[in-house]
Amino acid sequence: PTETWLNYKNPNGRNNRTEKGDNFDQLAVYGEIDCHYLDADYDSKEIYVFIETPTKEMPTGLQYSADEETTWKESSMNEFNSEFISNLAAHPSRKEMIAIGSKDGLFLSEDYGENFSLPNEAKMVTYVTLTETGGLYANLENETVKLTSFAFGSDQEVEIQLPKNQQIEPIAFIAMNPDDQKEIVIATHNNDIYLTKDEGFNWKTLAE
């Protein structure tokens, strides 16, 4: 795999992985820009990307494609008002839904990014991931790292206990087992990785 990657241009643009990563197809802006903010849903071919540097093909802003990047549509991003994005999170099956974590909050759209709203008052959101029924987000509150679960259509949120007796750095990545939502992995900005299988009651350190 390393030798294969050496043959690709930098920047890599966006690539479609096939055969467990043995082969990659270049989809768009290959050799032009890197895509730092990108996500796709599980069940369809919907792809979302936030373009920071405009190209001949695509302007700056949020774009989405439903046909493996044959065509693109630009989202208006109404009511999105942050200059600092942490990540994009596409809904696993609802192709019209996307969340964006940012310095100014957790923004949620149910119409392909045309309009956004703030479902809560959280600030400094460092990562968000969506599930079928809600999701998880990490944020900083008064310099304290927090991990919280939420459900669509409800204003009730549950703070998930983080590893005890650990100095947890800001969370940079969250993954959840879709078949068992109590199983969660988090990675921090300094590359510590933790696993819980009981929604935060017990954590195992996978890497330091």
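Remark: spin-label model distance ASN177-GLU96 equals 3.3 nm, labels positioned 7 Å along the Cα→Cβ axis.
Stretching the chain fully between SER76 and LEU195 yields a gain of 39.1 nm (0.36 nm per residue, less the alpha carbon separation). Among the listed pairs LYS182/LYS204; LYS103/LYS146; LYS73/LYS103; LYS95/LYS182; LYS123/LYS164, those whose Cα-Cα separation exceeds 18 Å are LYS73/LYS103; LYS95/LYS182; LYS123/LYS164.
Near ASN120, once Lys and Arg are set to +1 and Asp and Glu to -1 for all other residues with Cβ below 11 Å from its Cβ, the sum equals -2. Taking other residues whose beta carbon is less than 11 angstrom from the beta carbon of ASN190, and scoring Lys, Arg as +1 and Asp, Glu as -1, yields -3. Among the chymotrypsin sites (Phe, Trp or Tyr not before Pro) in region 76-149, those placed in a DSSP loop whose Cβ has at most 15 other Cβ atoms within 10 Å are PHE84.
Its residues counted as N, region 89-185 yields a C-alpha radius of gyration over 2.2 N^0.38 Å of 1.05.
Readers should treat all values here as calculations from the given coordinates under stated rules, not as data from a laboratory. Everything numeric in this text was worked out from a predicted model, so none of it was measured. Counting neighbours? That spans all protein chains shown, and the Cβs are built from the backbone with ideal geometry, glycine included.
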